[in-house]
Amino acid sequence: MAQGDSEPGSRRRPRWRTTMAAALVAASVMVAGCGGEGDGDEPRTAGTTPASTVTTPAQAATPSTTVAGPAATLAELARQPCRALDQQDSGKLGIIIEGSETDLDGKSCQWGILDGVVAFTPYPSVDQTAAKEFRHLKQIKIDGHRAVQGTTARGGCTTLVAIGARQSFRLIASPLGEDAAGSKSCPRNTTFATAILAHLG
């Protein structure tokens, strides 16, 4: 009977360990859910295997998942303008200094590139491409959107892009140094604008 009694106990022990392991996994998922910004992803994580629960919090912490997204709006970017670009954009656009918030006639984000600075300012309630002060700029199209663009005396470039009837954003590319080539500034703005437009919902 002693031997027979020990067998059920030995069978119960693995079940106890399995239950504890499951509880630990569930607890780690809940802790990860409290610390991450991607609240919409956590409910799916709870039903996955432990391998996927390890990767999901790490992915949620990366700039590419917390910065720009396909549903970003200019109203959201007006509060957090540096969300306009993500980590993948940084590599493609040659950004060497991460975006930092500044005030340039509105809340803006400024990125450092090898030969200058590019600043982004969203206007969620006005189409600045129609403003009188920018009528001297050349009318162009960027990714199908109406835009105006022109260079400055110092070789920089100002670009404004219309989003619908009452929204727009501005990019200012400023080259570094007095001898910096201004011919690159407007193409740089166009490239940045295309990347930002790809994230707008």
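The values are calculated or read from the model by the stated rules, or taken from the named source; none is laboratory data. Because the structure is predicted, anything quoted here is derived from the model rather than measured. Cβ coordinates were reconstructed from backbone atoms using ideal geometry, including for glycine residues, and neighbour counts include every protein chain displayed. Heavy atoms of the whole protein, side chains included, go into the accessibility calculation; ligands, DNA and RNA do not. Shrake-Rupley method; radii C 1.70, N 1.55, O 1.52, S 1.80 Å.
Do any residues in the range 127-156 that are without any contact (Cβ under 8 Å) to a residue 60 or more places away in the chain have Cβ atoms under 6 Å from those of residues that are of a type in the set (Phe, Trp, Tyr), where the two are at least six apart or on different chains, and which pairs are they?
Pairs found: 148/134.
Residues that are of a type in the set (Lys, Arg) and farther than 25 Å from residue 86 by Cα: does the range 123-135 have at least one?
yes
Just wondering, is there one or more residues in the range 113-123 that are within 23 Å of the chain's Cα centre (by Cα) and free of Cβ contacts under 8 Å to residues at least 40 places away in the same chain?
The answer is yes, given that some residue of the range 113-123 is within 23 Å of the chain's Cα centre (by Cα) and free of Cβ contacts under 8 Å to residues at least 40 places away in the same chain.
Please verify whether residue 96 is loosely packed, with under 14 Cβ neighbours inside 10 Å, touching a strand residue (DSSP E or B) at 6+ places or on another chain (Cβ under 8 Å), of a type in the set (A, V, I, L, M) and modelled with pLDDT of 50 or more, treating the condition exactly as stated.
So residue 96 fits the description; yes.
Applying the selection to the range 99-109, what residues are surrounded by fewer than 20 Cβ atoms within 10 Å (Cβ to Cβ) and part of a strand (DSSP E or B)?
100, 101, 102, 103, 107
For the range 110-156, which residues satisfy the criterion of being in contact with a Pro (Cβ under 7 Å, 6 or more places away or on another chain) and open to solvent by 30 Å² or more (accessible area, probe 1.4 Å)?
Passing the criteria: only 115.
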